[in-house]
1. From the list K26, K60, K35, K15, exactly one residue is assigned to a helix (DSSP H, G or I), charged (D, E, K, R) and at pLDDT 95 or above. Which is it?
2. So which residues in segment 157-176 are hydrophobic (A, V, I, L, M, F, W, C) and in a helix (DSSP H, G or I)?
3. From L18, L39, L27, which residue is out of contact with any Pro (no Cβ under 9 Å at 6 or more places or on another chain), in contact (Cβ under 8 Å) with a residue 24 or more places away in the chain, aliphatic (A, V, I, L, M) and surrounded by fewer than 18 Cβ atoms within 10 Å (Cβ to Cβ)?
4. Looking only at segment 63-116, filter to residues that are at pLDDT below 50 and outside any loop (DSSP other than H, G, I, E, B); which one of those is surrounded by the fewest Cβ atoms within 10 Å (Cβ to Cβ)?
Amino acid sequence: MQFKIYRAKEDELIKGCLRRDRSAQKLLYDSYSSKMYGLCYRYVKDSMEAEDVLVTAFMKVFEKIDQFKNEGSFEGWIRRIVVNEALTSLRRNRSMYIETELEQVDYDPNYKTVSDHLEVEDLIQVVNELPTGYRIVFNMYAIDGYSHKEIAESLGISENTSKSQLCRARTYLQKILKEQEWMANKNFSK
């Protein structure tokens, strides 16, 4: 029953936005902006730029809302627009660097050795330390659920490069987490 009520409110918001009703647009923005800001910030890592991306993305949501066909979740549709706008912003500012050199990665991360006492904020901070190319592919694949094919198409790289970037990101993350755990254990034993 709760889903039907929520879906009905969402449908009304969409209809209001289709009519260019400012109050429906504001309510839609208020409903999704904080979650989508977090998404923007994961990609661009600058709060002012993340706000710019968010505003531009919502303008596109309002412009293209007639293209939402009630297939899949509305939030998922908004997320796609926000991610695409974040990638566009990174390209425009030339801060997106994807390594295209494919080298054999012999190291397979061992996730059992990493502490399971991490807080969400700690993990977000560690992901933000990744080089830009690694971070973008990691966010798109591991957090936002894009396939390597979708990532390759969005970023203009090969699927193998996407896979390589993800592997390198995971290895890099594990290295950082192990170092932090080692430092924590060293400081704890003093």
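1. Answer to the check: K60.
2. L166, C167, A169, L173, I176
3. L18
4. K112
The values are calculated or read from the model by the stated rules, or taken from the named source; none is laboratory data. If you're wondering where the values come from, they're calculated on a predicted model, not measured in any experiment. Backbone-built Cβ (ideal geometry, glycine too); neighbour counts: all protein chains shown.
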